[in-house]
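Please treat every number below as a calculation from the coordinates, not as lab data. Every value quoted in this text rests on a predicted model; they were computed, and no experiment measured them. So basically every Cβ, Gly included, is an ideal-geometry build from the backbone, and we count neighbours across all protein chains shown.
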């Protein structure tokens, strides 16, 4: 074993098929939703997923048992980047947030019965899902311990009350994984439990869809109310009071899959900028020959390559079965900021075209900003990274 | 005479009135257009302008002869910043782009007859206008010399042909100031002429409104076609072939008034971030006590103060009757980037709220990005700044 | 009164004389100390000051009563920048740190007797001085309240004990202004007193000169020990227990004069870079025609102009008799970082020459780095800037 | 084969031994040269290399045939980083620049005779060497094609004339590899030849040692004159006129080994900062609990991890026998800048201590700045990176 950057032949093949599929099928479909995937119609999703299945690229992250291609995180890194080249690509491959992370969580924690009921149709693209953790201020946000939604014991089950916010994909989801406090007070480090709540539960209500800067996630982000929402005991995902631990099980890889998909966005933006720099003439030659443009193009190549390397590193850590918390925090923070820089430079290089809706750049620009907030804002990750580094420094005691 | 940062008492008074007016009248009106001023209805504009007139803050930049308050650029800097606190503020005061710049240009170059016909109603808010210079690639953009629209002599007038793009405010404008080449070839440094073209001229056609990242400019940005558009001799603004010179007359102050208005946007974003940092609790205290948040708040204060100082400096140069080209380029480049940073930090501090449409930040974020492109992208200004510095270095010959 | 950037005619004249003096007399003298002003010989100082006096530019900041030119801070801003073009310039004009700040402090706080004894010879360049506040960890540093040096009452005077560190100019100084705690404990916000301690006091000992990155300050930085150092009552500067307040009297303007001098350093570095960009050919033309070089040159022009504007603003605040704390913090933070960027870019443009001692750039590069630490590190200033902004936000109560 | 970040067991073991050796033997030796390795005495070098041999860590990059450990570039990446923790580490292991790169070049290009004469003693640490390519302006610098030193045919050999500058390690080197133009004119892309010139050749003269910002390279940087320097035919390294190609053979890996060693410097600086943040108290707690310090610590962890990942990627490319030009340019540019940021932050966190010579940080700060200039300045690499990206964009023709 040694340091290797070879891509497994099977993974390469899937990635190549994915790139072809995105180019031939997904990019042309982008016009069907006019850059507003939030409102993207269900037939579009169904059609794209059917095509992905036909192209042999459907559900690359899902175990073969559930009809997927069974790739590990490194394999996903390669394929999801190719899929992310279009905002619709991950939807087509059924590897978009939040479903992709939920599949991973269910596979890791759910009972066989729960898997059959919730995971199987989700993996097949027959249903969608959502993950209901974030709450409006002063509830769970950057600091998940502020969790304020409660679930109290009732005979044979639980009664959930609380308000959830920014719940991606909730509109039309078949079920929610709802995080509620089953012991302790807001601010306590433990005491959370995850519940599987069906869309048909009358106690779970869609309050509204939240307008956001980004428009690229199928069904957008919604506000949910849990008002005396009663569930039976078999709705508990894993064990009671272990919700924060399971959240880590979900969030570690989920952060990385976000990075993979957004890296595809960055590559798309850079390709558009390169094409523009080649085609557009100013000051007596193509933009591509102007030093300030070259600097931006080079910086974006550096950002993309560096993002990929540090992302693959984190994937490898998790594939080894390690927690990889420091590596995922570093990758998430760096990649989210690098991707933002790449798209920003592409906008600048394309000028007026970059800010018009004639090119997809304005859309991509809106998409990538929230990435520095979602899944833990950069500040929270930096705080955690520093804390771990300081702890390690204390442990080595001044001598390396 | 010496270095002074005192604000003239009259200007202070107008600025105070403007701040009150924005707070009491304009901010509440924001909901009427749901952040989409591009589509903002004409009655909204009329109503706000009427209110501004009643509040004694209408047309602060317009000479008193035409019903304005007659402020010089330094006075405008103070008042426009207060107006810019809302995206609707400049519209209300009738000092929004592109009308404000067009009034300045007409005042400087037009004949008395042209002033009576075009400037008087424009200054009074009875009409709107547009400035038709930018063309789709490979025409006039960052490099204005690439001007491709032509005007050829016909008996008693001119016939204009060409395509214009990203023409702000064109939809519904009473007239356009159209830049066309009357001599030379695309790439030549001279040979442009400005024409006043009425909206009723059948040769000038609205092709479409262009969707853009920003949504805060009344009537948005449009594409115009000049197809055998015939105008009479009195449509020439100033002298023939002097268009590029007049463009500088317009663009110098126009860059600065952009900076003034956007500085108000930055102040607004920072105020929202400050309020959030005070109100939102995380990790055991208000956000405002977290070091990483303090750093962002401080950096934004620095950006705002520094922007204001360098902007005032450039205004003073122009008020002295100097070209101030180096100072306006420096101010435009610095302020446009600083404003972008301020809004970006505010989004980050506000987290999910920052990217939702529940707060105005997402809107402001979209607004400020194009500022680094409009009125000369940062790269063009940097190139010009460096060129002037290099020329000065050659002239001093290595000895200061 | 209004916003003005005119430079007073008298100030202009002194600045012109200073620029000429620096060019003709000071720059040629730089070779005499080989970039190591720390060790710069006393005759060099004497000679330069004599020449400055002859050139009519000596002690521009000193009241005319003490033989100076009596400029206010705005005047100093213009003249000190011209002086700072050479690291030896401020020494020549007797306006270098720490003497310049000490003169200001003595003028503001000392008794007439103390002025005659300490200020008069200092202003005349006959003596030098130091300001003994900073202490080695865990004493007074970024956090001055950690002051650990003590002064206890003895009959007719005080006995001082403590250790001081990084005391600029101490080696050879005729006297020290020593800050010691006369009440309270380390960490308390008050209780400090300033003492004038003559170099002949046997209780004050030079421990060593501290080697540092910077080499441009006459006599460098030293460590001092106060071991049962006894002083009489007339050694108290101002009133007892008011030391922290007086420190602010000194530090506010001292931060700005630092900025002024370093701005001269930035201008010097940029001029060297410009000359190099004009003279050096690569890739088929002068460096000055390469876009990436132009970008760096432009960014440095922007940094210099912006620094000057924000610095002048802060000077004006203090000249009005206001505390100007927010403005001095902003100016100090911004200018120290901007100056660092300018010199860094100049090094990069000059390449190998930039890092060799054949050009003065390597020296300047070493000089400017500590500026982000001296007189309050950027972090402390940012913390203070944010705190003030947050306090103002709380006071306006969410409505502007 | 797949993406792997495992470190080979043998390499791990050598890296562990290296870390121990650096900690126990090299760090204590740092005081012997007072941070000035340029002037570091020969006995120090001999002693350290003897100790490294005893510790089993000598010459990790050298083929076993010549007494080394035979690591490939990925192995070197791990071990050189450990060695780089002290500026003396690479010297001790005989893997410092320029010898390490010269060994690689000789192994790749030299005849067996040349290897026996030049490579064998160099690999054993018995001699040192230098690489004489860079010339003072307007000769070969960022743009190697400007090569102005000439070698003309004489019977049985060549006569070399020219001036070389910034030749690292030249003082005391047993031989130089001198690049001279054997055909074409300055500016031509080909026509260079490499010559092996013994130190005893009377035509090669040391002009002077050049003072530089950095002080960490044994024997420093010198200026050399070739005045009618005659060499015999067997002095030609490889084939005539192929010098520029061989330079790439040397520079590709040499850039990466620079990165490896400097990454060790970054780790050292970050460890010092972490220790300081843990030990130093301010504002009521350890620095490590202040958000702005945490941000800097986190950013440096991110910079280090990201640098390592992108560096390993480039090493793998070269280990596969590919040119890896894009990857080495990206790694060199990113790592050189990241390392600079890490050291800069460490200085800031340590405050006055950081800029004093009491801590090694001031030394490290001086060392890392030139890294952005040596081996191709960032601008040249960015230009090359952009060019390759643009070429690829042209080739794919707008479709990915």
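A few remarks follow.
- Taking 7 Å steps out from each Cα toward its Cβ at residue C:23 and residue D:200 produces label points 5.6 nm apart.
- Residues of segment B:100-135 with amide N under 13 Å of a point placed 7 Å along Cα→Cβ from residue B:234: B:111-118
- Nearest-first distances (nm) between copies at residue A:2, label 7 Å from Cα via Cβ: 1.9, 7.4, 7.5
- Placing a label point 7 Å from Cα along the Cα-to-Cβ axis, residue B:121 is separated from the same position in the other copies by 6.3, 8.3, 9.5 nm, shortest listed first.
- Acute angle (nearest 10 degrees) that the helix C:42-54 long axis makes with the longest principal axis of chain C, alpha-carbon atoms: 70
- At an R0 of 22 angstrom, the distance between the Cβ atoms of residue B:13 and residue C:387 translates into a FRET efficiency of 0.10.
- Comparing Cα centroids, segment A:265-334 and segment C:329-355 end up 27 angstrom apart.
- CD proxy at 222 nm, helix term only [per DSSP H run n ≥ 4: -39500 (n - 2.57); per residue of chain D; nearest 500]: -14500 deg cm²/dmol
- For chain B, the longest principal axis of the Cα atoms and the long axis of helix B:9-21 meet at an angle of about 80 degrees.
- Gyration tensor verdict on segment B:129-241 (Cα atoms; rounded if a/c is under 1.5, prolate if a/b is larger than b/c, oblate otherwise): oblate
- Relative contact order %, chain A, counting alpha carbon pairs below 8 Å whose residues are six or more apart: 15
- Inter-copy separations for residue B:284, label at 7 Å along Cα-Cβ, nm, ascending: 1.1, 6.3, 6.4
- Peptide D:8-17 shows a mean partner chain C-beta count of 1 within 10 Å per residue C-beta.
- Shape of segment D:1-127, Cα gyration tensor, a/c cut at 1.5: oblate
- Prolate/oblate/rounded label for the protein assembly as shown (Cα gyration tensor, a/c 1.5): rounded
- Residue among A:367, A:337, A:379 with the largest mean-square fluctuation in a Gaussian network model of chain A, springs linking Cα atoms under 10 Å: A:379
- Modelled label positions at residue A:46 and residue D:209, each set 7 Å beyond Cα in the direction of Cβ, lie 8.1 nm from each other.
- Footprinting exposure proxy ranking of D:154, B:330, fewest other C-beta atoms within 10 angstrom first, gives D:154, B:330.
- Which of A:93, B:311, C:237, B:274 has the fewest Cβ neighbours within 10 Å, and the rest in rising order: C:237, B:274, B:311, A:93
- Whole-Å distance, taken between Cα centres, linking segment A:48-94 and segment B:1-71: 54
- Centre-to-centre, using Cα atoms only, segment D:127-166 and segment C:210-224 are separated by 41 Å.
- Measuring from the axis that maps chain A onto chain B, the chain A residue with the nearest beta carbon and its rounded distance in angstrom come out as A:366, 4.
- Of all the options C:374, C:85, C:365, the one that moves most in a Gaussian network model of chain C with Cα springs shorter than 10 angstrom is C:374.
- Here B:217, A:224 are placed in order of increasing Cβ neighbour count within 10 Å, fewest first, which gives B:217, A:224.
- A simple spin-label model places the labels of residue A:152 and residue A:120 3.7 nm from each other, with each point 7 Å out along Cα-to-Cβ.
- Angle between chain B longest axis and helix B:243-279 axis [Cα atoms, degrees, rounded to 10]: 20
- Relative contact order computed over segment D:129-241 (Cα-Cα under 8 Å; 6+ residues apart), in percent: 31
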